[in-house]
1. Each residue of region 86-92 in turn: what ³J(HN,Hα) in whole Hz from Karplus with 6.51, -1.76, 1.60 and θ = phi - 60°, glycine and Pro shown as x?
2. Relative to the present Cα-Cα distance, how much length would full extension add between Ala228 and Leu47 at 0.36 nm per residue of separation?
3. Calculate one ³J(HN,Hα) per residue across region 239-255 by plugging θ = phi - 60° into the Karplus curve 6.51 cos²θ - 1.76 cosθ + 1.60, and present them in order as whole Hz with x for glycine and proline.
4. Given points 7 Å out from each Cα along the Cα-Cβ axis, report the Ala94 to Asn151 separation in nanometres with one decimal.
5. Over 23 Å between Cα atoms, which of Lys13/Lys40; Lys86/Lys117; Lys51/Lys117; Lys6/Lys86 qualify?
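Bear in mind these aren't lab numbers, they're just calculated from the coordinates by the rules spelled out. All values derive from a computational prediction rather than experimental measurement. Cβ placement follows ideal geometry from the backbone for every residue including glycine, while neighbour counts extend to all protein chains displayed.
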Amino acid sequence: KKQLRKAKQLFRKLTMTAYQAAITSDGSSGNDAVWDDLEKMNDDIELLCDKLSAMELGSLSDALGGANAVEDDGDGICVEALVEVKQCAVETAAGAERQSLLAIKQRNQARKEAAEKQRELKAAKASSPWSKEELAALAKAVKKYPPGGSNRWDAIALFVNNLCKLAEPRTKEECIEKYNQVASSAAPPTDSTNSVADDKDAEDGATSEAWTEEQDAQLQEMLRKYPADMDKNERWKAIANGIDGKSKKECVQRFKAIREAVRQGKK
């Protein structure tokens, strides 16, 4: 009973959200509206809540966008599914076999199976270690396609896959993740910039996270904007201010890691 009650509550919320999204701002029925007025919609919804099981209501809710659509303030709501909801109400009122509900169930099941297959493939890829040949190809590609270029990581992934002739091609996400792993584990060289990285200010407490393509591009832009002949401390402060979500220390470490990765790629 508790499960059925929750299923009814979610279904009512989703249909109301979808109905409101389907009407124009002045309150009149828009092109996407399925019911002429709210009262008619409520009659159909209550009929379905009275006649359908928790599982059947769940199928309709999934078609409307599911619980996530409610949590996201209706951003993921599927207005088009209202047509199927109304058809299901018509079939239920007539005592006919609910073909529309059966079609929804089959579609939802197909989506779940496809999503599960994608998760399995992703997990299998993630567990596949990178060979020396792939790492070398990645180093070459990173050098060949510097930050700031259009679709940089798509080009890098294509370069790696073409060079290594992989049976299971690497995605750009895998290339980004591996590059960040290599860059973050690269041994920092001992030079004059160490003093900057060792500053004991509040920024030193920041935890290092993976760099995005956009942040890498920002770093390259800031390096060009603030030349090396500046005071090192002031230069890296200015550079960090131009990069979203990164501290001065993280910027220095990233610079060193990229430089070391490039050096290793040349060997």
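1. Per residue, the Karplus-derived 3J(HN,Hα) values read 5, 4, 5, 5, 4, 5, 5 Hz.
2. Numbers: separation 181, 0.36 × 181 = 65.16 nm, distance 7.28 nm.
Using 0.36 nm per residue and subtracting the Cα-Cα distance, I get 57.9 nm.
3. For region 239-255, the Karplus-derived couplings read 4, 4, 5, x, 10, 5, x, 10, 8, 4, 4, 5, 5, 4, 4, 5, 4 Hz, x marking Gly and Pro.
4. 4.8
5. Numbers: Lys13/Lys40 16 Å; Lys86/Lys117 32 Å; Lys51/Lys117 34 Å; Lys6/Lys86 21 Å.
From the list (Lys13/Lys40; Lys86/Lys117; Lys51/Lys117; Lys6/Lys86), the Cα-Cα distance tops 23 Å for Lys86/Lys117; Lys51/Lys117.
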